[in-house]
Amino acid sequence: MVQVKVEKAKIDQKQTSLLVIGVFENEHDFSQSKELDPIVFASIKETLENKEFRGTFGSSILVYTLGRGPMKKIMLLGLGKREKFTDESARICAGKAAQKAKELDAKEFSMLQFSNLDEGLVEAMTEGVALALYSFDKYKASNNKELPAKIDEATILINSDSPKFQSIADRANLVVEAVNFARDIANLPPNDCPPAQLASIAMSLAQEYGLKAQVVDRYELENMGMGGIVAVGKGSNNPSKLIILEYNSGVLGEGQQKPYLLVGKAVTFDTGGISIKPSEKMDEMKFDKCGGCTVLAVMRAVASMKLAVNVVGIVPSVENMPSATSYRPGDIIRMYSGKTVEVLNTDAEGRMILADALAYGIATYSPKAVIDLATLTGAAIIALGANVAAIVGTNKQLTDRLRKLSDKTGEKMWELPLYDEYHEQIKSAYADIKNIGGRPGGAITAAAFLSNFANGVPWVHIDIAGTAWTQEGTYERSYNPKGATGFGVRTLVKLLMEDEKPQPS
Ligand code: BES
Ligand code: MN
Ligand code: ZN
C-alpha cells in the first residue's frame, strides 16, 4: 500500500513528479506558493485571474513547469467554498488528487496542505490518498494494460516541523491498511470465500499480529447449543464457522480488564435460503459478510497500533442456501441463550447467527460494552438511504459517542429508536419470539430481535446494509472505489482510541 509521509514544505526544493495545490473557490490570492519559480507562479496566477480555473469542488487543471523548478507538473485542485470545507472534503479532495496522480502514471506525488494545519486535516488527507488508491484486482491478469503502475509514496507538505503530524499520518496509514484488508476479504467472490476460508484468513491474521484465535466448527457448534448458527448453515455444503479473536493490550491494570466485544455478521453468500431472494442483484449478497470483515479489520488495526484496550471480536460465518437440508419457515429453533425462535422467513438469517454470537460472547467474556455490525436489513436502506448506516442501541452514551465520531470519520450514522412497541411486532404465537416483524420498521424490529440476546449489557447495533459496498444510491466518493468500502473500521478504531488508557512510558 502507498505510504503517506509528512514533510515541512520547501516547495522550491521538493523533487516530485506532481505537486498538488488546493485552491478554494473564487480565491485568487496565491501567496502560499510564492516560493515557486516566478514564471510558473505568473502562469498559475493568470489561470486563476482569468477564471479559467475557479476552484469549484473536485475540479482540477494541470500546469507544466517545463524544468522551472523541482516538480515536473503542478495540479491545481478545486477545494470548493472555504466556509464549506471540512475534514470530509479534505478526504475526498486528497482521494481525487491521488487518483489523478495514478492516471498520470506517477510513482509518487506531493500535496501542499489544503487548509489550516491541524491533526484532523493531516489524518483526512492521509486517509483520502490511501483509501482512494485501493483497487481489487486479484482476479485480473497481471499483464492487463489497464492496470496502471502503483503509487508507493505520497507526501503532504505542511508548514510545521512538529513530529506529531508524522505520527498522525503513521497511525492513519495503519488504520487504512486495516480498512483495505477488510475490503480485500469482503470483495472475495462467494466461491472463493466460504466460511472455512474466512476462518483461515482470520487464523493467519491472528498469527501475524499475535492475537489469540479460536475457530469453532460445525459439530462443536451443535454440541454447544448454537441453534441459530447451526440452523442457518444447515442448507449449505460449506460448513459454518464461529471465529473468535482476542486482543489483550497487556498494559492494563486491575479493574480495566473488561473487554469491548465486537460482533460481525459474515454470511458469505445470502440466497435467502428456502425463502429465496429474487435473482436480480443476488450477486451483491457476496457482500453479506461485510460486518464480519469489518470486525476482523478492527482487530488487525488495534493490534498493529498496539492500543491500550482489550477487545474480543466474534464473527459467526455461514452460507445461507436452499437445499434438502435447509432450515424452513415454521421451524422453531432453540438458541444458545435458551430462548426459542420461530422462523417465519429463512432470509432473516443474519439475526439468527448474531443472536448466538452475542449471547455466547457476553456469557464468555462479560464485556463492558458490545457493538455489532451487520448488513442486516434492506429496510435500513429504505429508511436512511445508501449513504448512512442505522444505529440502534440500549445505551445512550455509547450510541451518542458513535454518532459523534461518525461525523468526524465521514462514516455517517443515524440513530433509530427502540421503543417497546417494536418488541410487540416480534412476539410469536408458538415460541418466545419470531424472526421477522413485518414490513413496518423492519430495521428496528431486527434490532429489537437482537436486543433479546444482549442480556442487559450496553449494546449498539450498526446496520451497514446500505454503506458496506457501493450500490444503487451510493454517493460517489473518490476514496470509496467500486465494491466493498470497509465501512465502520475507522469509526470503531476511533472509539477504541478514545477509551485508551494512557500507556506507561
Ligand atoms: N442480507 C440481507 C439484507 C440486505 C438486503 C442487505 C439487501 C443489503 C441489501 C438480510 O439477510 C435479509 O435478507 N433481510 C431481509 C429481512 C426480511 C426477510 C425480514 C430483508 O431485508 O429483506
Ligand atoms: Mn437474508
Ligand atoms: Zn443476509
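The values are calculated or read from the model by the stated rules, or taken from the named source; none is laboratory data. Everything numeric in this text was worked out from a predicted model, so none of it was measured. Here Cβ is always computed from backbone atoms with ideal geometry, including for glycine, and neighbour counts include all displayed protein chains.
Yes or no, residue by residue, for (1) modelled with pLDDT of 95 or more; (2) under 24 Å from C290 (Cβ atoms); (3) buried (at least 19 other Cβ atoms within 10 Å of the Cβ):
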site: K107; (1), (2), (3): yes, no, no
site: L112; (1), (2), (3): yes, no, yes
site: A124; (1), (2), (3): yes, yes, yes
site: K145; (1), (2), (3): no, no, no
site: I158; (1), (2), (3): yes, no, yes
site: D170; (1), (2), (3): yes, no, no
site: P190; (1), (2), (3): yes, yes, yes
site: S200; (1), (2), (3): yes, yes, no
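Answer yes if at least one residue in region 456-463 is among the charged types (D, E, K, R), closer than 30 Å to A90 by Cβ and in contact with a Leu (Cβ under 9 Å, 6 or more places away or on another chain), and no otherwise. Yes, region 456-463 contains at least one residue that is among the charged types (D, E, K, R), closer than 30 Å to A90 by Cβ and in contact with a Leu (Cβ under 9 Å, 6 or more places away or on another chain).
For (1) within 24 Å of V493 (Cβ to Cβ); (2) within 14 Å of ligand 3 (Cβ to nearest atom), each residue gets a yes or a no:
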| position | (1), (2) |
| --- | --- |
| Q197 | no, no |
| Y209 | yes, no |
| K212 | yes, no |
| V216 | no, no |
| S249 | yes, no |
| G253 | yes, no |
| Q257 | yes, no |
| K277 | no, yes |
| K289 | yes, yes |
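The residue of region 281-297 that is farthest from V179 (Cα to Cα), among those that are within 11 Å of ligand 1 (Cβ to nearest atom) and out of contact with any Gly (no Cβ under 9 Å at 6 or more places or on another chain), is K281.
Residue-wise test of (1) out of contact with any helix residue (DSSP H, G or I) (no Cβ under 7 Å at 6 or more places or on another chain); (2) among the charged types (D, E, K, R); (3) crowded, with 21+ Cβ neighbours inside 10 Å.
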residue	(1), (2), (3)
T375	no, no, yes
G378	yes, no, no
I381	yes, no, yes
A386	yes, no, no
V392	no, no, yes
S406	no, no, yes
Y419	yes, no, no
Y422	no, no, yes
Q425	no, no, no
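Within region 337-376, the residues that satisfy the criterion of being assigned to a strand (DSSP E or B), away from ligand 3 (no atom under 14 Å from the Cβ) and within 27 Å of the chain's Cα centre (by Cα) are A369, V370, I371.
Mind telling me which of the residues A308, A303, A266 ends up being more than 29 Å from T470 (Cα to Cα) and either surrounded by 17 or more Cβ atoms within 10 Å (Cβ to Cβ) or within 16 Å of ligand 1 (Cβ to nearest atom) (or both)?
A308
The selection criterion, being surrounded by fewer than 24 Cβ atoms within 10 Å (Cβ to Cβ) and within 19 Å of L48 (Cβ to Cβ), does not hold for G67.
Highlighted here are the strands (runs of 3 or more DSSP E) found entirely within region 4-99 that include at least 3 residues which are touching a Phe, Trp or Tyr at 6+ places or on another chain (Cβ under 8 Å): 16-24, 71-80. Is it true that some residue in region 412-420 is touching a residue at least 12 places away in the same chain (Cβ under 8 Å) and within 16 Å of ligand 2 (Cβ to nearest atom)? No, every residue in region 412-420 fails to be touching a residue at least 12 places away in the same chain (Cβ under 8 Å) and within 16 Å of ligand 2 (Cβ to nearest atom).
Would you be able to tell me the number of residues in region 347-367 that are away from ligand 2 (no atom under 14 Å from the Cβ) and either hydroxyl-bearing (S, T, Y) or touching a strand residue (DSSP E or B) at 6+ places or on another chain (Cβ under 7 Å) (or both)? Residues that pass the stated criteria total 10. If you check I353, I333, I276 for being within 13 Å of ligand 1 (Cβ to nearest atom) and surrounded by 19 or more Cβ atoms within 10 Å (Cβ to Cβ), only one passes: I353.
Within region 152-176, being outside any helix (DSSP H, G or I) and farther than 14 Å from G120 by Cα holds for D152, E153, A154, T155, L157, N159, S160, D161, S162, P163. Kindly establish whether K482 is under 30 Å from I332 (Cα atoms), out of contact with any helix residue (DSSP H, G or I) (no Cβ under 8 Å at 6 or more places or on another chain) and among the basic types (K, R). Answer is no for this residue. Selection of region 452-481 for residues being under 21 Å from C293 (Cα atoms) and without any contact (Cβ under 8 Å) to a residue 24 or more places away in the chain yields only T470.
Let's see how each residue does on (1) buried (at least 24 other Cβ atoms within 10 Å of the Cβ); (2) away from ligand 1 (no atom under 16 Å from the Cβ):
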residue: V460; (1), (2): yes, yes
residue: D463; (1), (2): yes, no
residue: T467; (1), (2): yes, no
residue: G473; (1), (2): no, no
residue: E476; (1), (2): no, yes
residue: G483; (1), (2): no, no
residue: V489; (1), (2): yes, yes
residue: L492; (1), (2): yes, yes
residue: E498; (1), (2): no, yes
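Selection within region 223-263: residues that are of a type in the set (S, T, Y) and surrounded by 22 or more Cβ atoms within 10 Å (Cβ to Cβ). The member of this set that is nearest to A297 (Cα to Cα) is Y247.
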